[in-house]
Structures are given as C-alpha cells and as structure tokens.
1. Which one of these does C:Arg250 not meet: (1) within 10 Å of chain A (Cβ to nearest Cβ); (2) out of contact with any helix residue (DSSP H, G or I) (no Cβ under 8 Å at 6 or more places or on another chain)?
2. Any residue at all in segment B:47-60 that is assigned to a helix (DSSP H, G or I), buried (at least 19 other Cβ atoms within 10 Å of the Cβ) and without any contact (Cβ under 8 Å) to a residue 60 or more places away in the chain?
3. Can you confirm whether C:Val47 is of a type outside the set (S, T, N, Q) and under 20 Å from the mean Cα position of the chain (by Cα)?
4. Would you mention how many residues in segment A:20-34 are of a type outside the set (Lys, Arg) and buried (at least 18 other Cβ atoms within 10 Å of the Cβ)?
5. So, B:Ala63, is that one within 20 Å of B:Leu164 (Cβ to Cβ), outside any helix (DSSP H, G or I) and within 17 Å of the chain's Cα centre (by Cα) or not?
6. Among the numbered criteria (1) at pLDDT below 90; (2) within 22 Å of the chain's Cα centre (by Cα); (3) crowded, with 21+ Cβ neighbours inside 10 Å, which one does C:Gly164 miss?
7. Does C:Val114 satisfy the criteria of being closer than 30 Å to C:Gly28 by Cα and within 14 Å of chain A (Cβ to nearest Cβ)?
8. Output the residues belonging to segment B:44-71 that are in contact with a Ser or Thr (Cβ under 6 Å, 6 or more places away or on another chain) and within 19 Å of B:Ala111 (Cα to Cα).
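The values are calculated or read from the model by the stated rules, or taken from the named source; none is laboratory data. Quick caveat, the model's predicted, so the values are computed rather than measured. For neighbour counting, all protein chains shown are included, and Cβ atoms are generated from backbone atoms with ideal geometry for every residue, glycine included.
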Amino acid sequence: MSYVAACYGITGVTLLVYLLQLQRERRRLRRDLPSVGG
Amino acid sequence: MKVLLAILWKDLLTEWRRRDRVMAMLLFSLLVVVVFHFALPGGASAQTRESAPGLLWVAYIFAALLGLNRAFALELENDALSGLALAPVDRGWVFLGKAAANFVLLGTVQAVTALIFALVFDLDLLAVAAKLCGVIALGTLGLCSVGTLFSAMAVRTRFREVLLPILLLPFLFPVLQGAVTGTAALLATGALPFEALQLLIVVDGVYLIVSFLLFEYVLDE
Amino acid sequence: MPSKPSPRSDSPAQRNPRREGSPLGGGGEARLATLGNTAGWLLAALVLVYALSVWNAPIDSRQGVIQKILYVHPPLAFGAYLGFILTGLAGGLYLWTHRPVFDRLALSAAEVGVVFCTLMMITGPIWAKGTWGKWWSWDPRLTVTLLLWFVYLAYLLLRSFSEGGERGARFAAVYGLFGVLLIPLNYYVIEIFEGRSMHPENLQSGSLGEGMGLPFLMGVVTNLMAFLFLLARRWEVEHLRANAAAVASREMVSGPISNPEPQGGSDP
C-alpha cells in the first residue's frame, strides 16, 4: 500500500511543485511586461 | 568526392606531422589496459578472457572520445571553421572527410590496442583476423559518424570535453550491443552471429545518413 | 470555458516593433494563456474523477493493491515519449522555418517531458520493488527508457552549455531530431536480440481485468491533460522570457519605454 501511495504522492507533489514554479514566474513576467496581451 | 579526399588527406597529413592526437590516444589506451588489470578481480589474463571483448570496446570508446574531442579543435583554434563552412561545397562531403579521418586515426589506435589485448588476455586473433577487422570496422563506423557530428557541435560550447561524452554515449549503446556481441562470439567460437552483423549494418546506415544530412546545420559561419 | 477575446486596439507590431514573426503572431501569448487556462480547469475536473476511479478500482488477485500503480506509471511513460517526439518535431520545424516559436516549443516540451520521464523512472522501480522484489533489471524496455532519459538530459545540458541564440537553438534541434530516431532504433535492437522481458507485455484492450478499463483510461487522459497544461504554461513562460529579454535589450539602447495598462488574465 505504501508503494502505491509513494508513487501517486511523488507524482502529484512533483507536478504540483513544477506547476507552482511556472505560475510564479508567469505572474512575475506578466506583471513586468504589460505590453503582453492577456 | 574530391572534397572528401582533400579533407581526409589534410587531416591525416596534419596528424602525421604532429602525431599528438594519435600518440595521446595510444598512450591512453595502454594506461586503460593497466587500469583494467587492477579493476578485474582476477587481473587481466587468460583466465579473465571473457571480459576481454567488452573491455576492448570500452578502451575503444575512451580512445574515440579523446580523438573526437580534438577533431575540430584545430579548426576552431585557427578560425578555420568559417573557411570550411563558406567553402562552396556540399557540407555533407566535409562531414565524410572529417569522419573518414577520424576513422583512420581511431582504426590505427584500435589495431595496436587489439594487439595489446591479445598479449595480455592471451587471445588468438589471427584465426579470426579478417572477420574481427570487419566487426571492428563496422562498430567504428558507427562511432565516427555520430561522433564527428556531435564533436562539431560540442566544440562550440562550454565544457566541450565533458559535453561530448554526454551527448555521444547514449547513441553508442546500439553500436556497442552489436560490436561487443560480435567480437565476443568471434573470439569464443570463430563464428559471427548474424544478428550482430545485421544490427551493426542497420545502425551504421542510419547514423551515417542522418549525420550526413544534419551536418549542414552544424557547420556554420 | 469560453475563449477570451484578446483586444488588439493597437497592434502588437506597434508596441513591439522588433518582435520576430511567428505563427502565433502578436496575440499568440494570449491564445496560449487561454489554452492553458482551459487545460487547467479540465485537469482539475479530471483529477477528481481520476482519484475516485483509482480508489474504487478492483484489487488485482495476483499482484494485490500495488497493481494500482498501473494507472499512473504507463500514463507517465506516454507523457515522456510524447514530450520527446514533440521536442524532435519542433526542432525539425525550427530547422525548416527558423521561427523561434518552434525552438521555444522544443525546449518546453523537453523540460516537461524530462519531468514525466523522471517520474516514470521513479514509479517504475517502486512498482518493481513491490512486485518482483528488486529495484532494477537490465530488461530491454527498461534499458531503452533509461536511454531516453539520458538523451533528454543530454539535450538540456547541450542547451545550457551552448551560448544560446540561433546556434544554440540549431544544435539542440539537431540533437533532438537525432534523439527521436534513437528510440525506434533501440526497439529494433530489442527485437533483434529478443531479450526475454520481465516487463509486462503491451496492454491490449481486453487484457485488462474487469473494472480496470476506466481508471486506466482516466490515468492516460489525466496525465495527458497535465502534460498539455504544463506544456502550455511552460511555452508561454518561454515566450514571456524572450519578450522580456527583447524589451530589456531595447531599453538598454534607447531608454525605458512607457507601457499601456496591463490586462489581467484568469489563473485557475
């Protein structure tokens, strides 16, 4: 059971962390670059 | 075709005059054999003969990496890369010339290394000499085609000596599979398994053609 | 989720006169952002259904609970291979058209792909340890996957060691293209040398047990959506970075530019 939890857990956490990093940079860039349409 | 021969001749002539690349590769191969002796549990001898084919190709790969690292270094240092790129010839032939030069140089080192291995591991190379040369040639062809292409890329980056192995080694695994299996079978039984031959020919064909086609994107300015 | 119209009262060409032409055009980032938003909301919904279906999936009689890793490991593999193929294709398109947008797609696909590949390389051994008792074997399929991972990493290293710009993009494209060839080649190697594989055989419809079809489908669809969502975001970030660099270099030359009001987008 712990093997299953480890797999789904690691996958979910990793993808989430990656996503949050991307979102953070995206927000920063969009804020600083108003010439970009959104 | 003339371009190929011209570049081949130029590279070999340069090497003949300076001999630094070949000497370095040869000396390195010798040292590697000694390292293998200490690395193997029973030492490098007739008893550990089964390891010989694999180790031979490890030595060949090390030597190839050494040689390929320097393949375009002279041109880069002397700003001759643009000369090569601007020449009004099909760059594919430049690639073939370079790859052929690497092939010849590496082949020379490989021959000597094979002899050293035969000495140390007490191998009978004479019995399978022709076929062995064929297998080694095929493996080296794969090595040199991809190796020359990636060397042209790596020479223009930072840490090129580290980057070339990283780029190249994944592509050598299919070549190794065929070459080591073929060499091992030859040394053990004298017969060359067809799968190994087939694999080497297919891989070599793919690598050669694709490298030939992609080289123009790698040689520039 | 309705698509947001992107206002183009003053053309992007006027605001960013030196932006290189790309198929996405001036409104490109907007469309990409919207696509990403859509994917994001879809993903959220899918994850819920996915979680439920995995939780309620029947327990395999032979492997036990651990068999449920089936619903995450192969889907991750699809993502890894998809990223790889995209990287190669985008690189090829870049070599053909010289449009930076394709180079940015290649880089984004490689980065997202390597994340999926790494996750696959983690979940695989975990599953193996739980079922066969050992973390790794030199099973041909595993070896090819390892190779894929190495090529991914080499690709990213090549990019970071290159001096950037057009040559870096070109070299990366060449490597990516060549890499895409390597994988089928290695499956050919397996076929020739015919290693006996511990790896489960290719799943065909019907080889899955009762009640496993849905969670598996959910796994594939959800992971695919996650891939596309992350790809859209990463690609957009790459565009934004390029624009920021262009603006910064222009400001160095001609002084700060005054910009119109920023327009907000919705983030899921």
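1. Going through (1) within 10 Å of chain A (Cβ to nearest Cβ); (2) out of contact with any helix residue (DSSP H, G or I) (no Cβ under 8 Å at 6 or more places or on another chain) one by one, C:Arg250 breaks only (1).
2. Within segment B:47-60 (the criterion being assigned to a helix (DSSP H, G or I), buried (at least 19 other Cβ atoms within 10 Å of the Cβ) and without any contact (Cβ under 8 Å) to a residue 60 or more places away in the chain), the answer is yes, since at least one residue qualifies.
3. yes
4. Selection size over segment A:20-34: 3.
5. No, not satisfied.
6. (3)
7. yes
8. Within segment B:44-71, B:Pro53, B:Ala59, B:Ala63, B:Leu68 meet the criteria.
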